[in-house]
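First up is the structure itself, then whatever we jot down about it.
The values are calculated or read from the model by the stated rules, or taken from the named source; none is laboratory data. Keep in mind that this is a model prediction, so the values were computed, not measured. A quick note on method: Cβ atoms are made from the backbone with ideal geometry, for glycine too, and the neighbour counts reach across all protein chains shown.
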Protein chains: 2
Amino acid sequence: MEHNFDFEALYELLKGRNIRALREKLAGMNVVDTAEFIQELEGEERLIAFRILPKSLSADVFSYLDSDAQTAIVSAISDRELEQLMDEMFVDDAVDFLDEVPANVVRRVMQVSDPETREIINKFLQYPENSAGSIMTIEMVEFHDRLTAGEAIKQLRATAPDKETIYNCYVIDDSRHLTGVLPLRRLLLAKDGDRIREMMDKEEQVISVNTLDDQEEVADLVRKYDLISVPVVDNEGRLVGIITVDDIVDVIEEEATEDFEKMALLQPSEDTYLKTGVFKLAKNRIVWLLILMVSATFTGQIITSYETMLAAVAGLTACIPMLMDTGGNAGSQTSTLIIRGLALGELHIKDYFQILWKELRVAIICGLALAVANVGRMLLIGGTEVPVILVVSAAMVCAVMVAKIIGCTLPIVAKLVHLDPALMAGPMITTIVDAVTLMIYFALATIFLL
Amino acid sequence: MEHNFDFEALYELLKGRNIRALREKLAGMNVVDTAEFIQELEGEERLIAFRILPKSLSADVFSYLDSDAQTAIVSAISDRELEQLMDEMFVDDAVDFLDEVPANVVRRVMQVSDPETREIINKFLQYPENSAGSIMTIEMVEFHDRLTAGEAIKQLRATAPDKETIYNCYVIDDSRHLTGVLPLRRLLLAKDGDRIREMMDKEEQVISVNTLDDQEEVADLVRKYDLISVPVVDNEGRLVGIITVDDIVDVIEEEATEDFEKMALLQPSEDTYLKTGVFKLAKNRIVWLLILMVSATFTGQIITSYETMLAAVAGLTACIPMLMDTGGNAGSQTSTLIIRGLALGELHIKDYFQILWKELRVAIICGLALAVANVGRMLLIGGTEVPVILVVSAAMVCAVMVAKIIGCTLPIVAKLVHLDPALMAGPMITTIVDAVTLMIYFALATIFLL
């Protein structure tokens, strides 16, 4: 692995137990790099490196470790150290950590936490997976809407060190309802006596999400409105947390990965490839492989019922793979564009007829070009009679048209019935296009060649 | 389209030429929503709505319009209005805008701009597409490293309104070399007399990029280090700009879209689907369709050379689609995981043998499960002799193994020879797996059935 820092030099210090020099180096590095260094150590050495970190840093470094390293460290440190660690961590990082580690680690963390922390963590662990509540943090800056700018800055300076971000401040009323947002930039430029209420972005301008909203919706808002943090409110409109853009960047990557996996008909997995066991990997793949294999029974039946014709007319069978592949490829292209457009909100169900009309024209252009190329190709290779070549080429045009129609229709239908459009990608489309293509191919052959 | 605001109410105000009320409403909305409203208007009405915006808002709203709307507005406003607009826009937004609009619009913008702006824009337009330079902005906060915290805050308050972000301040020396980064949070908590140089994150902690770095690398750094802005330096290490996280969010989406498109063997397009013409869409698809169709010649030849056997043994031909599809699907699953893992930096070339060994085991599990299911399926349907069923099922196991091996090998080979691994996805894998699967199938049939 490439590092942004000199792993060997640090490791030398550790091996020579040159603790003071190592601590100074580690504290002077970017916290993500410090975590990367500790991540790569093992056992005793990892524990030493973690323990010598300045207290102010260790919680931050800890939250960048993977769950294996976190579990190992937590299992090795004392209750007192663990308590301190949990105190220093932001709630969203603590919840991420507890979500991933074994139950006995969670139990121990809960035991050493004070009742208040325990209650907060329990509440967070109850939010549905991938909801806004499950990824938010509670360390935000909130001002009462009666404050002046001067009072707000004073309050900010007193509490800033404990906040995850201070660059958007959230304004609440007596009953904690979110009434506005005040970017720090505006607060800095204000006069001491200016009223928060007059300076803040008000209701119509504030973008907020509900604790139960899906993280994907939150990501869409952050992308659309270029936010660096979003306030999270409960069903009564009370401010309960914020989600920062760094977590949203991870959500966007995760959601894209999930779509890639679904489009290849893999069951999405949260673990990285190298960490997933062989049986888990096989399990994630086998279901759809089985379903599609069984669906291919239909294609098999079509061929069986034309077996005599296939045996009689030379060259017909040889073209089956080419027709199937071309249909599948043409369909995958279309469905990929539609699925991605739907995911990014660039396409909507109501655009269907416009899409269909476009795809039909594209299909005719592509189909004809492929047919002409195919005639040339088959003449060049030789050995096939001209009528067969013409039937194959005509079937090609039909296959591409069918593929494009199915490729743009199925994702939209899926969206309409609240299924994930990503399932209607290459493999699924291919299986359906295959059957239709073969039916058309054999029908044309029956009409013109028998 | 769903709106976050009441389109009809605003449109009523516009139609009734209730200008004052409309201006007040528009100015009170989130700027992204204001742009969305103007975007949906046309001709005269759009121009009116844009012109009544407070001057301080119009540049911001303008940068959220799509290029068609931007072109229409620029063509309709006076030179003086255009000059003001360009003055108010951030450099990165101006460059985005000029990148998308017709050449005559660019010429006119250049004519009305003052020489200094013209020079800056020209320089930006020369950065390679998708480089850090092409997406950066120059409106950052920079402090000389000799300043104290008090002096810095004074300077910040004087210049903040013109900066794209003030939440990370960049520290430079006499020759403009980037020497450190100072988060605004730390500056706010400092005492007036504290020295910037003592407070800032120093060299080892600062993540910066070069103007020529690819935007994907920048995105990887932002994701890894949870940054809200990245400094951009030239070859001499001098600070020339910054890239903010909102632009990186767009880059991440763009890069994912590009991978989706490449994986379906589409030529990536920067335009949205509905805006792309039929011929452009066809052109983006036809090249790979042709290449893969011609490659299928090989598969055709294999079938041709076994045509006698296929005609002699009932049921052999009927299973070809199922074998091909299953092989293709199994290969797509693997290649998708590997391509995504490489893109996210979770997998590396050196992991190849570990991946291969894992895939082999997964392939055996999946292959056997599919073979058993297939025996059951074919017995249930009936009409095929047992030896044929066994040959088909054995070929299935081989097909899955071949597919998984090719599916994990090709993306890594592509990476090794500096091709984009995303090209080695479903369609490409399928074409290769088809040929190999058929060869194995016919070889097994020849040995056991003839």
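Numbers below:
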{"read-out": "Evaluation of A:ILE242 against (1) part of a strand (DSSP E or B); (2) under 19 Å from the mean Cα position of the chain (by Cα) (one fails), failing number", "value": "(2)"}
{"read-out": "Which listed residue, of B:GLN267, B:GLN205, is out of contact with any strand residue (DSSP E or B) (no Cβ under 7 Å at 6 or more places or on another chain) and closer than 30 Å to B:GLY331 by Cα", "value": "B:GLN267"}
{"read-out": "Residue check, B:LEU13 of a type outside the set (Val, Ile, Thr) and in a loop (DSSP other than H, G, I, E, B)", "value": "no"}
{"read-out": "Filter result (more than 7 Å from every other protein chain (Cβ to nearest Cβ) and not hydroxyl-bearing (Ser, Thr, Tyr)) within the stretch B:332-345", "value": "B:ILE338, B:ILE339, B:LEU342, B:ALA343, B:GLY345"}
{"read-out": "Residue that is farthest from the chain's Cα centre (by Cα), among those in the stretch A:313-331 that are assigned to a helix (DSSP H, G or I) and more than 9 Å from chain B (Cβ to nearest Cβ)", "value": "A:GLY327"}
{"read-out": "Verdict on A:LEU438 being modelled with pLDDT of 90 or more and surrounded by fewer than 20 Cβ atoms within 10 Å (Cβ to Cβ)", "value": "no"}
{"read-out": "Enumeration of residues in the stretch A:143-202 that are more than 10 Å from every other protein chain (Cβ to nearest Cβ), touching a Lys or Arg at 6+ places or on another chain (Cβ under 9 Å) and among the basic types (Lys, Arg)", "value": "A:ARG146, A:ARG176, A:ARG195, A:ARG197"}
{"read-out": "Qualifying helices (runs of 4 or more DSSP H) (wholly inside the stretch B:78-176; at least 1 residues being at pLDDT below 90 and under 30 Å from B:SER269 (Cα atoms))", "value": "B:79-88, B:91-100, B:103-112, B:115-125, B:132-135"}
{"read-out": "Verdict on B:ASP234 being surrounded by fewer than 21 Cβ atoms within 10 Å (Cβ to Cβ), charged (D, E, K, R) and touching a residue at least 40 places away in the same chain (Cβ under 8 Å)", "value": "no"}
{"read-out": "Some residue of the stretch B:252-260 being within 23 Å of B:TYR64 (Cβ to Cβ), buried (at least 18 other Cβ atoms within 10 Å of the Cβ), more than 15 Å from the chain's Cα centre (by Cα) and not assigned by TED's automatic domain parsing to the domain that holds B:ASP68", "value": "no"}
{"read-out": "Among the residues listed as A:THR159, A:THR179, A:THR137, A:THR148, the single one being polar (S, T, N, Q) and touching a Phe, Trp or Tyr at 6+ places or on another chain (Cβ under 7 Å)", "value": "A:THR137"}
{"read-out": "For A:GLY180: the one exception among (1) modelled with pLDDT of 90 or more; (2) under 22 Å from B:ALA152 (Cα atoms)", "value": "(2)"}
{"read-out": "Selected residue (only one of B:ILE38, B:ILE19, B:ILE73 is surrounded by fewer than 19 Cβ atoms within 10 Å (Cβ to Cβ) and either modelled with pLDDT of 90 or more or among the hydrophobic types (A, V, I, L, M, F, W, C) (or both))", "value": "B:ILE19"}
{"read-out": "Top-ranked residue of the stretch B:354-385 - restricted to ones that are under 17 Å from A:GLY300 (Cβ atoms) and β-branched (Val, Ile, Thr), ranked as surrounded by the fewest Cβ atoms within 10 Å (Cβ to Cβ)", "value": "B:ILE381"}
{"read-out": "Verdict on A:ALA403 being buried (at least 24 other Cβ atoms within 10 Å of the Cβ) and either at pLDDT 85 or above or over 30 Å from A:GLU253 (Cβ atoms) (or both)", "value": "yes"}
{"read-out": "Those residues of the stretch A:245-288 which are within 30 Å of A:MET439 (Cβ to Cβ) and touching a residue at least 12 places away in the same chain (Cβ under 8 Å), in sequence order", "value": "A:LYS262, A:MET263, A:ALA264, A:LEU265, A:LEU266, A:ARG285, A:VAL287, A:TRP288"}
{"read-out": "One residue from B:VAL95, B:VAL101, B:VAL105, B:VAL112 being closer than 24 Å to B:LYS275 by Cα and over 24 Å from the mean Cα position of the chain (by Cα)", "value": "B:VAL105"}
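Yes or no, residue by residue, for (1) touching a helix residue (DSSP H, G or I) at 6+ places or on another chain (Cβ under 8 Å); (2) at the interface with chain B (Cβ under 9 Å from one of its Cβ atoms):
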{"position": "A:GLU216", "(1), (2)": "yes, no"}
{"position": "A:ASP220", "(1), (2)": "no, no"}
{"position": "A:LEU227", "(1), (2)": "yes, yes"}
{"position": "A:LEU265", "(1), (2)": "yes, yes"}
{"position": "A:ARG285", "(1), (2)": "yes, yes"}
{"position": "A:LEU292", "(1), (2)": "yes, yes"}
{"position": "A:GLN301", "(1), (2)": "yes, yes"}
{"position": "A:THR304", "(1), (2)": "yes, yes"}
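Yes/no matrix, rows are residues, columns are (1) of a type outside the set (Val, Ile, Thr); (2) under 20 Å from the mean Cα position of the chain (by Cα); (3) modelled with pLDDT under 85; (4) not assigned by TED's automatic domain parsing to the domain that holds B:ARG223:
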site: B:GLN267; (1), (2), (3), (4): yes, yes, yes, yes
site: B:LYS280; (1), (2), (3), (4): yes, yes, no, yes
site: B:THR297; (1), (2), (3), (4): no, no, yes, yes
site: B:GLN301; (1), (2), (3), (4): yes, no, no, yes
site: B:SER305; (1), (2), (3), (4): yes, no, no, yes
site: B:THR308; (1), (2), (3), (4): no, no, yes, yes
